Structure formats: C-alpha cells, structure tokens
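One structure is given below, encoded as structure tokens.
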Amino acid sequence: EELEEESAARSNFIEVLGHELRTPLTPILVSSGILNEMPSSQKSDMVGKLSSSIYRSSRVLAQRLEELLDLGRYSRGTFQLSLQPINLNVYFEEVSSRLSPLITKPGQKLIIEIASPLPEASIDSSLLEQVVINLISNAGKYSPEKSTISFKVKIAGPDLLIEVQDDGIGISEEEQARLFKPYHRAEQDRQKYPGIGLGLAICKQIIEAHGGKIWVTSELGKGSTFSFSLPY
Ligand code: ADP
C-alpha cells in the first residue's frame, strides 16, 4: 500500500513538475523570440520589459531545478553538513535582513522577533537559511494580501525554537501529516499556487541532519505555524 501511494504521488509529481517547468519557459521563449526579431531601432523601449520577464522566469526555472537536485542529493544521503560555531543573534539578524523581499503580495507585513541573548551554536548556516527562506516564502505564498507573517526565534529549554506563523489558508489535519513527504501538496492548492511539493521535504532533511525536529500546527482557513527546534 505504501509503495502504491508513493508511486501515485510520483506520477502526480511528474505531471506537476512538467507543468511547473513549462510555465516559466513560455515567457522566456516568447520574450527572447520577440527580442531576436526586433529591428535594432525599436529595441530600447521594449528591451527593459522583455528582459525582466526573461530574468524572472529563468529564476523560477533555476529554483525548481535546484529543488530537484537538492532532493536527489538529500534522499541519497550524499549531502554533508558543514557545521561552524556561530553567534546565533548575529546570524539571525543577518538572515532576517534578507527576508522582506520574499513577502511579495500587496499589504503583506513581516514581523520579526529574535530573543536576545541567544547562545553560540554549531550550524550549517547556509542550509539553515534555506529552511527559513522556504518557510517564509511559503507563508507569503499561501496567505492573502494584507496579511501578517511572523518570524520568531526563541529559547525553549535545551532547544532553540524557530516559528514562522501566517494567517493564510491553513492546512487540514489530514494533509498536515503528509506535507513533509516529497511531492505532497495539499489537494486544494494544487491548481492555485505554483510549486512542486519538495520544499518542506528538503527542510525536514536539513533540520533532522542537525538533530532537530520540524512540525506544523494549523487550522484550515485560519493560518499555519511551521516550527523547528534545534538542540544547541
Ligand atoms: P510547494 O510550496 O512547492 O508546493 P512545499 O513542500 O514547500 O512545496 O509545501 C508542500 C505543501 O504544503 C504546499 O503545496 C501547500 O499545500 C502546503 N503548505 C506549505 N506551507 C504552507 C502554509 N504556510 N500555509 C498553507 N499551506 C502550506
């Protein structure tokens, strides 16, 4: 039964992936085609618009491919953490300063709360940042305009606790159990939001490799809180 479920998820994934790779490819092809055909006297007006469309779509494509490659690497267990001791206050201040461009819908607000002082800990700083970026991007993507997203870092006993909370579309209890598996996307979101269902699976691999845990609490229609803890 598990194999069947896995195989069904995989087929669905391939379909979604095909769609996701084709969608950004279309504007790249159309825009670069127009640029190519355009007489050089007319080029200046349109160049800005078309080249930014090409740039945006290529970035989406590159990100999807990166997710695919990451998943391959992580599920084969061929990635290694590069742990470095770091002052967590300095680290999270730096990471926070790069988060606001990820919140893109009009009126969405990002609130950041970082407890101080935090201890020093050994982490893989770029992989952990990838987890935070993923959770914040999802919070923005699955929330409406004019909503609030919060990013909190605190101490909870022997653990560091990081929470990303949104007041977006939420996730049913049944779906919550599956979201951290590769390829799974909540049924109701598949058509409406871009994505291939690998981000959370990758986050889980990274957090577990640090000896931590990742989980979600959510109510459909009310919002979600994705949390992870790291023993320091
Ligand atoms: P993707 O966003 O590319 O589909 P993820 O692995 O990051 O892949 O997320 C898996 C699924 O979890 C999403 O398709 C969505 O259904 C659900 N999800 C993730 N984050 C949120 C959130 N903040 N609010 C509601 N649903 C979410």
- Task: Please identify the helices of the chain, taking whole runs of DSSP H, that span at least 15 Å along their own axis as judged from the Cα atoms and have a mean Kyte-Doolittle score of -0.5 or higher.
- Result: 2-37, 43-75, 125-141, 199-209
- Item | Under Karplus coefficients 6.51, -1.76 and 1.60, residue-wise ³J(HN,Hα) of region 145-157 in Hz, glycine/proline x | 4, 6, 10, 10, 10, 10, 10, 10, 10, 9, 9, 10, x
- Item | Prolate/oblate/rounded label for region 154-232 (Cα gyration tensor, a/c 1.5) | oblate
- Note on the structure: Per its Cα gyration tensor (rounded if a/c is under 1.5, else prolate when a/b beats b/c, else oblate), region 59-174 is best filed as oblate
- Query: Restricting attention to region 51-134, which trypsin sites (Lys or Arg not before Pro) occupy a DSSP loop and are surrounded by at most 14 other Cβ atoms within 10 Å?
  - Reply: ARG76, ARG98
- Message: Please report the antiparallel percentage of DSSP beta bridges with both residues in region 107-205, rounded to the nearest 5.
- Response: 55 percent
- Query: Counting DSSP beta bridges with both partners in the chain, what percentage is antiparallel, nearest 5?
  - Reply: 80 percent
- Highest mean first, what order results for 122-128, 7-13 on Cβ atoms within 10 Å? 122-128, 7-13
- In angstroms, what radius of gyration and Dmax does region 170-216 have, counting Cα atoms only? 11.2, 35
- Item | Percent accessible area from carbon and sulfur atoms, region 168-232, protein chains only, probe 1.4 Å | 49 percent
- Where a ≥ b ≥ c are the square roots of the eigenvalues of the C-alpha gyration tensor, would you call region 50-108 rounded, which needs a/c under 1.5, or, failing that, prolate if a/b is larger than b/c, or oblate? oblate
- Task: Please calculate how many Å² of accessible area region 44-153 carries per residue, with a 1.4 Å probe and no DNA, RNA or ligand atoms counted.
- Result: 56 Å²
- Note on the structure: Counting every C-alpha pair in the chain, the percent lying more than 20 Å apart is 65 percent
- Item | Loop sites in region 147-213: trypsin sites (Lys or Arg not before Pro), DSSP, at most 13 other Cβ within 10 Å | LYS192
- Go through LYS105/LYS222; LYS146/LYS222; LYS109/LYS192; LYS105/LYS154; LYS152/LYS213 and tell me which ones have a Cα-Cα distance over 24 Å in this structure. LYS105/LYS154
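The values are calculated or read from the model by the stated rules, or taken from the named source; none is laboratory data. Since this is a predicted model, take the numbers as computed values, not measurements. Because the Cβ atoms are built from the backbone with ideal geometry, glycine has one as well, and the counts that use them run over all protein chains shown. Heavy atoms of the whole protein, side chains included, go into the accessibility calculation; ligands, DNA and RNA do not. Shrake-Rupley method; radii C 1.70, N 1.55, O 1.52, S 1.80 Å.
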